[in-house]
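The values are calculated or read from the model by the stated rules, or taken from the named source; none is laboratory data. Remember, predicted model here, so these are calculated numbers, not experimental data. Note: ideal-geometry Cβ built from the backbone for every residue, glycine included; neighbour counts use all protein chains shown. In case anyone asks, the SASA skips ligands and DNA or RNA and just uses the protein heavy atoms, side chains included. Shrake-Rupley method; radii C 1.70, N 1.55, O 1.52, S 1.80 Å.
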Amino acid sequence: MSNTEGTFGPGSGRSTQDPVAGFFLAMRDAWSAGAALKETLTTSAIGSHPQATSVAAGLLGPMIGVLGAMADFAATNRQRFDQPGAEPAAGSSPPGQDDAAAADLLLPIGHAMMVAANRSMSYWLGLVQIFESHQAKLAEVVGQEAAVEGNAPGSERLVAADELRALLREVGDLATREARILQKDLSSLDESLARDLQQPDLSGSYNRRWRSKI
Amino acid sequence: MQEQSTQSVIARLGFDSEMTQLRERIARWVAGCSEELREALEWQFLMGSKYFRPLTIFSCYRAANQGPIPEQIMQSALVIELFHNVSLIIDDIVDRSPTRRGRATMHTKFGELSALMTSGYIVAEGYLQLKDDLTGIALFSELLKRLGVAECLQWRLRRQPLGVEDWRKIAGEDTGSMFEVCACLGDRSGQLRTFGGLLGLLYHGCDDVGDVKGLAALGGGGEEDLRDGILTLPAALAIRDPAAAKIFCDTEGGDLTELGRYFVAKLPEAENYLDKIAEEGRIEARSFAVNPAPLIALIEQTRQLSRY
């Protein structure tokens, strides 16, 4: 199991001086928290979800930390662009093209990671809800089956099979829906990135070359 | 009452003028058809429809786009109404239904041969109306194929002790495929396909429950399904009880009144199940529509169908 002790809590990665490093530390925290939640859900038996719910709630902190780190990073970059004459901090690269490129790419990367983490969390929470909603009926059916030593009447077996099929369908539907939402969110991020990086249209200058001669 | 309610949703979503246009197009189309079949077509098309499928197409367009409804979408709405009527004509023949919405069915009034030939004529006309809309042609082909398969599947699986998941599969291919295609015709991106499927499933389930309640709200009773051992939502829940399953699976017909009582006892459970499907539909609408309001209005309207 991942050892995430000491890394939880909003802004754990934000104490650092460098906003870029802060951003990546915060991402690491969020990743670790997500992994912990996944492991808790995977290893715990159906029904032991209070633990999973508390870990899921704990994931909110690192998520907020990532958002904060992204905000710090964006603010620092804005400051640099707003004050072109300002001296760069010791150890940091001078303002210019490198900073601009980093800002252009790091924020969308962070955004994409947030989108993916968000969907991942939503998927695991959805799974918990599905198991919770089917748990009582499944336990009842399995209990009855055990009581009659596997010789339950046909009708009870059909009910059990129907219940299990519903559970399987819901799990599959959830995975498909979350994947579709992820695809939609990433696609809109992709479009906005392409729009932001689009070169200005130079076709106008072509027209200006033609002048009527009087 | 049901028709009034659909009208109010049309007005609320601002599709009055589109619906008027659609009615006029259908009337013009009927007027231009072969004289030999015109009386039958007038009987079928000019007797007042709820236009819920065209409304679904318009709403799905509106959920993804702004501005007036374009020609291609209007054309799709006309063709879905044509194909929907083909499915009604065939259903009525298969179910041996003498009436629909209080009037004689086409085969009762004009004979089976006329009804079958007219439905073939309508399909051919539908494809002609689509002109160069290749996506539309592919979607309507998918619809006809799936409806055919669903009808055969439903018939083959009659009188069998199946479950709610089986009902979901059959209903998803039957009414579900119709509304899936409506959603795809409206938004043209495929994003609302699952929403359409859920709307169709909800419609089918509400129809099943409404039938058991003995209501004519959706244009038909439930006697045929009960008699033929068709797996409806209340049936799938009721036959979990071995006593109900025994009557349901009886090839001689069994005591249908007694079976009906089992179905009625399961109505609250069926209503709860429909609430779950409606919620799934709302989640889909919120997750994938730019403007989910028209889609949620469709869900609410459909959910009411079993409550009259």
Exercise for the section: Tally the residues that are free of Cβ contacts under 8 Å to residues at least 60 places away in the same chain, within 14 Å of chain A (Cβ to nearest Cβ), within 27 Å of B:Gly229 (Cβ to Cβ) and open to solvent by 10 Å² or more (accessible area, probe 1.4 Å), restricting the search to the stretch B:154-200. Expected result: 5
Exercise for the section: Take B:Ala150 and decide whether it is part of a helix (DSSP H, G or I) and within 14 Å of chain A (Cβ to nearest Cβ). Expected result: no
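Kindly establish whether A:Gln129 is open to solvent by 40 Å² or more (accessible area, probe 1.4 Å) and within 13 Å of chain B (Cβ to nearest Cβ). I'd like the intermediate steps shown before the answer.
Working: open to solvent by 40 Å² or more (accessible area, probe 1.4 Å): yes; within 13 Å of chain B (Cβ to nearest Cβ): yes.
Yes.
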Fill in the blank from the handout: The one condition B:Leu259 fails out of (1) open to solvent by 10 Å² or more (accessible area, probe 1.4 Å); (2) farther than 25 Å from B:Ala63 by Cα; (3) without any contact (Cβ under 8 Å) to a residue 60 or more places away in the chain is (1)
Handout entry: Matching residues in the stretch B:24-49 - criterion: being open to solvent by 30 Å² or more (accessible area, probe 1.4 Å) and under 19 Å from the mean Cα position of the chain (by Cα)
Key = B:Leu46, B:Met47, B:Gly48
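Suppose we filter B:Gly102, B:Gly111, B:Gly120 for residues that are surrounded by fewer than 17 Cβ atoms within 10 Å (Cβ to Cβ), closer than 19 Å to B:Tyr51 by Cβ and among the small types (Gly, Ala, Ser); which single one remains? Can you show your working first?
Working: B:Gly111 fails: closer than 19 Å to B:Tyr51 by Cβ; B:Gly120 fails: closer than 19 Å to B:Tyr51 by Cβ.
Exactly one of B:Gly102, B:Gly111, B:Gly120 is surrounded by fewer than 17 Cβ atoms within 10 Å (Cβ to Cβ), closer than 19 Å to B:Tyr51 by Cβ and among the small types (Gly, Ala, Ser), namely B:Gly102.
Please pick out the residue among B:Leu139, B:Leu143 that is closer than 19 Å to B:Glu71 by Cβ and open to solvent by less than 40 Å² (accessible area, probe 1.4 Å). Explain how you work it out, then say what you get.
On the way: B:Leu143 fails: closer than 19 Å to B:Glu71 by Cβ.
Criteria check complete, one pass: B:Leu139.
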Exercise for the section: Counting only residues that are within 14 Å of chain A (Cβ to nearest Cβ), give me the helices (runs of 4 or more DSSP H) lying completely in the stretch B:201-308 with at least 1 of them. Expected result: B:233-238, B:242-249, B:256-265, B:267-288
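Mind listing whichever residues of the stretch A:173-185 are in contact with a helix residue (DSSP H, G or I) (Cβ under 6 Å, 6 or more places away or on another chain) and either open to solvent by 60 Å² or more (accessible area, probe 1.4 Å) or at the interface with chain B (Cβ under 9 Å from one of its Cβ atoms) (or both)?
Filtering the stretch A:173-185 down to residues in contact with a helix residue (DSSP H, G or I) (Cβ under 6 Å, 6 or more places away or on another chain) leaves A:174, A:178, A:181-182, A:185.
The one that is in contact with a helix residue (DSSP H, G or I) (Cβ under 6 Å, 6 or more places away or on another chain) and either open to solvent by 60 Å² or more (accessible area, probe 1.4 Å) or at the interface with chain B (Cβ under 9 Å from one of its Cβ atoms) (or both): A:Ile181.
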Completion exercise
Among the residues of the stretch A:101-131, the number that are closer than 14 Å to A:Leu186 by Cα and aromatic (Phe, Trp, Tyr) is 0
Practice task
Return a yes/no flag: does the stretch B:58-78 have any residue that is at pLDDT 95 or above, closer than 30 Å to B:Leu226 by Cα and of a type outside the set (Lys, Arg).
Solution key: no
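Right, B:Gly214: small (Gly, Ala, Ser), within 30 Å of B:Ile10 (Cβ to Cβ), modelled with pLDDT under 95 and in contact with a Lys or Arg (Cβ under 8 Å, 6 or more places away or on another chain) or not? Break it down into steps so the answer makes sense when it comes.
Details: small (Gly, Ala, Ser): yes; within 30 Å of B:Ile10 (Cβ to Cβ): yes; modelled with pLDDT under 95: yes; in contact with a Lys or Arg (Cβ under 8 Å, 6 or more places away or on another chain): no.
Judged against the criteria, B:Gly214 is not a match.
Do you know which residues across the stretch A:139-172 are modelled with pLDDT of 95 or more and at the interface with chain B (Cβ under 8 Å from one of its Cβ atoms)? So that I can check it myself, show each step before the final result.
Residues of the stretch A:139-172 that are modelled with pLDDT of 95 or more, as a first pass: A:165-172.
The answer is A:Arg165, A:Ala166, A:Arg169.
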